[in-house]
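Notes follow the structure.
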Amino acid sequence: MIYLVLNVVSIGVIPWKEALNATAIGSLVVERSWGQLAAIIVTLLIVWTAFASVYTGLLGGSRLPYNASRDGLFFKPFGRLHERFNFPHIALLAMGVVTAIACFFDLSQIISILIAASVLVQFIGQVAALTILRFKQPNLQRPYKQWLYPIFSIIALLGWIYVFLSSGTVAIRWAIGWTLLGVIAYVIWAYFEKTWPFRPIEVHEEFVSQEAGEDIAGEMAD
């Protein structure tokens, strides 16, 4: 709601045709409303907030490969901590390199690439994973059912494919390349860890019964 109100206020101060070509819409709105000094102050606050956001995202993002490594699901060097300052320095450096590479692209291109990669890996991958799971383990206990399966899965798949193709040629190429890079990294990791596909693994599913789930929920509520 706050973001929506900000956009409505901005359009009320700056005509939308002019706002399309504005590179600093927030500063321009403040300058038209309260003058140049206020615009400078707001611009500095925006820059400071952007730096804090990138800094926080960089630190938080470095914890993903670090925790994956500590859980035995990623390359072991990423699980190391700095001897003096006790932070995942290798994971942080890797995330810093990725962030630095992203700085050479336009923001709209970065957003399109991220959307395309997310759609390919997460959303299309979810539909594929659900279908494969239901096919390979039809008797697996499931807490809910999908009505008219697989109609809605097919509709979702077609929709996400449309979104993926609409992201543009550049974003599609980068998303596919980034995914292939991840597959190569996994194959290398799996080879040294001697796990699937270099060694067959057994997957066991365990489910909490409804009564046990209600007891756990009651204990958490207490």
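The values are calculated or read from the model by the stated rules, or taken from the named source; none is laboratory data. On a predicted model such as this, the values are computed, not experimentally measured, just so you know. For neighbour counting, all protein chains shown are included, and Cβ atoms are generated from backbone atoms with ideal geometry for every residue, glycine included. Just so you know, the surface numbers come from the protein's heavy atoms only, side chains and all, with ligands and any DNA or RNA stripped out. Shrake-Rupley method; radii C 1.70, N 1.55, O 1.52, S 1.80 Å.
What does the accessible area of Glu202 come to, in Å² to the nearest 10, when a probe of 1.4 Å is used?
150 Å²
Which lysines have a Cα less than 24 Å from the Cα of Lys76, not counting those fewer than 8 places away in the same chain?
Lys194
Excluding the sites themselves, what is the longest stretch of the chain that contains no trypsin sites (Lys or Arg not before Pro) in a DSSP loop with at most 13 other C-beta atoms within 10 Å?
Working: sites that count: Arg84, Lys145, Lys194.
Formally, the longest exposed-site-free interval is 1-83.
At 1.4 Å probe size, with every protein chain present, just tell me what the per residue accessible area of the range 1-147 comes to in Å².
78 Å²
Which FRET efficiency value, to the nearest 0.05, do you get for Val98 and Arg63 by plugging their Cβ-Cβ distance into 1/(1 + (r/R0)^6) with R0 = 22 Å? Intermediate values should be presented prior to the final figure.
Numbers: r = 14 Å, r/R0 = 0.65.
E(calc), rounded to 0.05, equals 0.95.
If each residue of separation counts as 0.36 nm, what is the full-extension length gain between Lys76 and Trp16 once their alpha-carbon separation is subtracted?
Numbers: separation 60, 0.36 × 60 = 21.60 nm, distance 5.13 nm.
Taking Lys76 through Trp16 to full extension adds about 16.5 nm, to one decimal.
Express the relative contact order of the chain as a whole percentage, based on alpha carbon pairs under 8 Å and six or more residues apart in sequence. Could the numbers behind the result be given before it?
Numbers: 126 pairs, mean separation 28.3, N = 222.
Relative contact order, the chain: 13 percent.
Straight-line reach from Lys145: which lysines have a Cα under 20 Å away, not including same-chain ones fewer than 8 places off?
Output for Lys145: Lys136.
Once both axes come from the Cα atoms, what is the angle between helix 107-118 and the longest principal axis of the chain, in degrees from 0 to 90, rounded to 10?
10 degrees
Filter the chymotrypsin sites (Phe, Trp or Tyr not before Pro) in the range 66-130 to those in DSSP coil with at most 15 other Cβ atoms within 10 Å of their Cβ, and list the result. Present the calculation step by step, with values, prior to reporting the outcome.
Numbers: sites: Tyr66, Phe74, Phe75, Phe78, Phe85, Phe104, Phe105, Phe123; in loops: Phe74, Phe75, Phe85, Phe104, Phe105.
In loop regions of the range 66-130 (DSSP not H, G, I, E or B), the sparsely surrounded chymotrypsin sites (Phe, Trp or Tyr not before Pro) are Phe85, Phe104, Phe105.
How far is the Cα center of the range 1-43 from the Cα center of the range 135-160, in Å?
Taking the Cα centre of each part, the range 1-43 and the range 135-160 sit 46 Å apart.
Report in % the part of the accessible area of the chain that belongs to carbon and sulfur, leaving out ligands and nucleic acids; probe 1.4 Å.
On the way: 12100 of 17620 Å².
It is 69 percent, rounded to a whole number.
Output wanted: per-residue J couplings in Hz (rounded whole) for the range 6-20, from phi through Karplus 6.51 cos²θ - 1.76 cosθ + 1.60, θ = phi - 60°, x for Gly and Pro.
After applying 6.51 cos²θ - 1.76 cosθ + 1.60, I find 4, 5, 5, 5, 4, 5, x, 9, 10, x, 5, 5, 6, 5, 4 Hz.
GNM, the chain, Cα, under 10 Å: largest mean-square fluctuation among Ile124, Ile154, Ile25?
Highest fluctuation among the options: Ile25.
Using only the heavy atoms of the protein chains and a 1.4 Å probe, how would Ser166, Ser118 rank by accessible area, largest first? Walk me through the numbers on the way to the answer.
Details: Ser166 70, Ser118 50 Å².
Highest to lowest solvent-accessible surface, that is Ser166, Ser118.
At a Förster radius of 22 Å, what calculated FRET efficiency corresponds to the Cβ-Cβ distance of Glu202 and Ala129, to the nearest 0.05? Please report the intermediate quantities before stating the final value.
Working: r = 18 Å, r/R0 = 0.83.
For R0 = 22 Å, the calculated efficiency reads 0.75.
Please identify, among Pro200, Pro138, Pro15, the residue showing maximal mean-square fluctuation in a Gaussian network model of the chain using a 10 angstrom Cα cutoff.
Result for the chain, Cα springs under 10 Å: Pro15 fluctuates most.
Phe105's amide H: which non-local residues (gap 5+, or another chain) put their own amide H closer than 5 Å, with H modeled 1.01 Å from N in plane and none for Pro or chain starts?
Amide H neighbours of Phe105, under 5 Å, 5+ apart: none.
Pop a pseudo-label 7 angstrom from the Cα along the beta-carbon direction at both Gln141 and Val54 and give the gap in nm to one decimal.
Going from the Gln141 label point to the Val54 one covers 5.0 nm.
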